[in-house]
Amino acid sequence: MRPHRIPPQILRLILLTLAIVGVYSVARYFLTPASFGRYGWYRAAALGEIAAYPPDYAGKAACAQCHKDKAEQIAKGPHKALSCESCHGPGMAHVGNPDVKLVKPAAPLCLRCHEANPSRPEWLKQVTLADHYGENCLECHVPHQPNEAP
Amino acid sequence: MIIELLTALPSAAPHIEGYVYPNEQTLLWSVLIVIYPYITGLVAGAFILASLVRVFRVSELEPAYRLSLLTALAFLLVAPLPLLFHLGHPERCYEPVITPHLSSPMAMFGFVYAWYIMAVLLLELWFDYRKDLVEWSKKERGVRAWIYRLLTVGVHDVSEPALQLDARMAKAITIIGIPSAFLLHGYVGFIFGSIKANPWWGNPLMPIIFIFSAVVSGIALCVFIYLILNRLRGLPQDIDCLDAMGKFLFLALVIDASLEALDWVHRLYAAEESIHVLKSLAAGKLFYSLLVVQVCMGTFVPLVLLGSIQLFRKRIAEGVRRWTYFGCSVLILVGVLAMRWNVVIGGQLFSKSLRGFTAYKFELAGQEGWLVALFLLLLPFLILAVFIRYFLPLKTDAGVHPLTELPDHKAV
């Protein structure tokens, strides 16, 4: 027996460890996405893929092409800064085909923004439903021009 | 989703009290994230119990040595499953291992886990079992023989110097293993403790509390399994071993309970701005799971029972002690599960605005429901049953395994 023989258990372990590290390195080589790390710790190609998704929202300008009256009406009132789609939901499908109906929202929608809540900025007018004039907001407020009564 | 937002009354959410930010209304970490630290804790605790035999030479515990290592392995195999079930895309689970980000504790889990299972647990088991594996692979036939032969990894040397080397290696690995077990579970505590935005979690004591509750639950699990296994096999219960486990269980429980008490005393005395919401959380939504189950049944009762055994051991009959150990182990196992629940779920029940509560709706079926959780809790016992069948045969079980006489032992 030579004096510096590595015991068989230890030898096996070294081989096994090398094998595991080897498998990991090979797996890492093949499984790391090609564009990984080009800009940062993520897959650069993801940017393109996400940008290629069909958009859901069309934007106010698109709505104004067909609903000129509403766009002009809303521009007069305090809701002028709101996007149509923040009340009606994503409208791309409707722009492509007006037969696809959009929501005509009611009181719950108004309360999403106007219900009294200490975490809201003070400039946003808030009401407490129980203290206000009624539950059906649309009876007294025109949604597109809320300072006007219908 | 968007349509719901447009048409559902915001104040109509019945599970919300006070003010809760919109992104806090539904809990994201479900019961599976409760199960996950519970299971890793059991692993770490069972391993610590085994290392008492190897490193600290507590010879009374020898009959439970292999059992606790196998228990640790069975539970460790299941530990990542709750995470996998919880992930929306389980098929992507390898990605954080392939491109690990060093600043993400969650991405590091794969490495902590791999280190613990391969460099610690499997290695220690292998060195401990090598001689038996070689013998069994010669004695048994068929599939069994093949399994044993495969596990020898082609090393058949069972000469005296080789066995002594095995024993030395196993001991060295156990010594590395103790900090590794602490790392494995301390890491889980760190995940919570490092979330500084959440006053229920963000706390440097968290990893330490997690480690000690893990040790408590792991020893309790070994007591439980040891008692049940001997009962099933019709073997006599080794009361010395049980007494020793009971002693360590008591010690660990004392430390664990003091740490948690310290945590609360500190919180109450420091009375930071979050204390009001935390108090109402403990007295309200967590009343049963925290005060009743975790504190009273899972900590106080076992402390009193185990403590009286420490004081009056001589005067308490063996049978009574056995049943007390059994009862305490069950209480502690439930109590620590409740502790994980209180941490994980409790930390999400109150708003970061400190001004409101949401509720956790626990589903029965479904990807993250009761049934899946129950299945994941039972699965390790099934795996353990298989391990016991193959690696804890009746004959050698009762036989001597004088680990504590290392390194001058003759035949392991």
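The values are calculated or read from the model by the stated rules, or taken from the named source; none is laboratory data. In this text the structure is predicted, and so the values were computed from the model without any measurement. So basically every Cβ, Gly included, is an ideal-geometry build from the backbone, and we count neighbours across all protein chains shown. Heads up: the accessible areas ignore ligands, DNA and RNA and are worked out on the full protein's heavy atoms, side chains in. Shrake-Rupley method; radii C 1.70, N 1.55, O 1.52, S 1.80 Å.
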### Task
Report whether or not B:Val120 is over 29 Å from the mean Cα position of the chain (by Cα) and under 15 Å from A:Leu16 (Cα atoms).
no
#### Entry: Single residue of B:Ala261, B:Ala257 found to be more than 19 Å from the chain's Cα centre (by Cα), at pLDDT 95 or above, assigned to a helix (DSSP H, G or I) and closer than 20 Å to B:Leu205 by Cα
B:Ala261
### Among residues of segment A:1-27, those that are part of a helix (DSSP H, G or I), open to solvent by 100 Å² or more (accessible area, probe 1.4 Å) and not aliphatic (A, V, I, L, M), counted
0
### Message
Suppose we filter A:Leu47, A:Leu138, A:Leu111 for residues that are on the phi < 0 side of the Ramachandran plot, at pLDDT below 90 and not in a loop (DSSP other than H, G, I, E, B); which single one remains?
### Response
A:Leu111
### Query
Is it fair to say B:Gly327 is open to solvent by less than 60 Å² (accessible area, probe 1.4 Å), closer than 19 Å to B:Gly346 by Cα and at pLDDT 95 or above?
no
#### Entry: Criterion violated by B:Val155 - all others in (1) of a type outside the set (Asp, Glu); (2) open to solvent by 50 Å² or more (accessible area, probe 1.4 Å); (3) in contact with a Pro (Cβ under 7 Å, 6 or more places away or on another chain) satisfied
(2)
### Task
Might you check whether a residue that is modelled with pLDDT of 95 or more, small (Gly, Ala, Ser), surrounded by 15 or more Cβ atoms within 10 Å (Cβ to Cβ) and under 22 Å from B:Ser59 (Cα atoms) occurs anywhere in segment B:239-248?
yes
### Failed criterion for A:Cys84 (all others in (1) closer than 27 Å to A:Ala149 by Cβ; (2) open to solvent by 60 Å² or more (accessible area, probe 1.4 Å); (3) hydrophobic (A, V, I, L, M, F, W, C); (4) in contact with a helix residue (DSSP H, G or I) (Cβ under 6 Å, 6 or more places away or on another chain) hold)
(2)
### Summary
Within segment B:132-173, the residues that are in contact with a helix residue (DSSP H, G or I) (Cβ under 6 Å, 6 or more places away or on another chain), within 12 Å of chain A (Cβ to nearest Cβ) and closer than 24 Å to B:Thr71 by Cβ are B:Leu133, B:Leu151, B:Thr152, B:Val153, B:Asp166, B:Met169, B:Ala170, B:Ile173
### Query
Quick one: in segment B:87-127, which of the residues that are closer than 20 Å to B:Ile39 by Cβ and of a type in the set (Val, Ile, Thr) is least open to solvent (accessible area, probe 1.4 Å)?
B:Val120
### Query
What number of residues in segment B:21-80 are within 14 Å of the chain's Cα centre (by Cα) and assigned to a loop (DSSP other than H, G, I, E, B)?
2
### Message
Out of the residues in segment B:264-289 meeting the condition of being part of a loop (DSSP other than H, G, I, E, B) and either β-branched (Val, Ile, Thr) or in contact with a helix residue (DSSP H, G or I) (Cβ under 6 Å, 6 or more places away or on another chain) (or both), tell me which one is surrounded by the fewest Cβ atoms within 10 Å (Cβ to Cβ).
### Response
B:Lys285
### Query
Residues B:Val336, B:Val292: which one is open to solvent by less than 70 Å² (accessible area, probe 1.4 Å) and in contact (Cβ under 8 Å) with a residue 12 or more places away in the chain?
B:Val336
### Query
Conditions: (1) surrounded by fewer than 16 Cβ atoms within 10 Å (Cβ to Cβ); (2) away from chain A (no Cβ under 14 Å). B:Ser353 meets all but one. Number of the miss?
(2)
### Query
Given (1) over 23 Å from the mean Cα position of the chain (by Cα); (2) within 11 Å of another protein chain (Cβ to nearest Cβ), where does B:Ala107 come up short, assuming only one miss?
(1)
### Query
Of the residues in segment A:28-38, how many are more than 7 Å from chain B (Cβ to nearest Cβ) and either open to solvent by less than 70 Å² (accessible area, probe 1.4 Å) or more than 16 Å from B:Pro100 (Cα to Cα) (or both)?
3
### Query
Within the group A:Gly96, A:Gly48, A:Gly59, which residue is free of Cβ contacts under 8 Å to residues at least 40 places away in the same chain and within 16 Å of the chain's Cα centre (by Cα)?
A:Gly59
### Query
Of the residues A:Pro105, A:Pro118, A:Pro150, which single one is within 14 Å of another protein chain (Cβ to nearest Cβ), more than 30 Å from B:Ala107 (Cβ to Cβ), assigned to a loop (DSSP other than H, G, I, E, B) and in contact with a Leu (Cβ under 9 Å, 6 or more places away or on another chain)?
A:Pro105
### Task
Inspect segment A:63-74 for any residue being facing chain B (nearest Cβ under 9 Å), open to solvent by 50 Å² or more (accessible area, probe 1.4 Å) and basic (Lys, Arg) and give the result as yes or no.
no
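This table checks each residue for (1) aromatic (Phe, Trp, Tyr); (2) within 14 Å of chain A (Cβ to nearest Cβ); (3) in contact with a strand residue (DSSP E or B) (Cβ under 9 Å, 6 or more places away or on another chain); (4) at negative phi.
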{"position": "B:Trp29", "(1), (2), (3), (4)": "yes, no, no, yes"}
{"position": "B:Leu49", "(1), (2), (3), (4)": "no, no, no, yes"}
{"position": "B:Phe56", "(1), (2), (3), (4)": "yes, no, no, yes"}
{"position": "B:Glu62", "(1), (2), (3), (4)": "no, no, no, yes"}
{"position": "B:Pro90", "(1), (2), (3), (4)": "no, no, no, yes"}
{"position": "B:Ser103", "(1), (2), (3), (4)": "no, yes, no, yes"}
### Summary
When restricted to B:Ile316, B:Ile345, the only residue open to solvent by less than 50 Å² (accessible area, probe 1.4 Å) and touching a Phe, Trp or Tyr at 6+ places or on another chain (Cβ under 9 Å) is B:Ile345
### Task
Quick one: which residue in B:Ala197, B:Ala170 is in a helix (DSSP H, G or I) and not hydroxyl-bearing (Ser, Thr, Tyr)?
B:Ala170
### Query
For residues in segment A:112-141 being of a type in the set (A, V, I, L, M, F, W, C) and in contact (Cβ under 8 Å) with a residue 24 or more places away in the chain, which is least open to solvent (accessible area, probe 1.4 Å)?
A:Cys137
### Task
Inspect all residues belonging to segment B:319-327 and state whether any of them is under 19 Å from B:Phe248 (Cβ atoms) and small (Gly, Ala, Ser).
yes
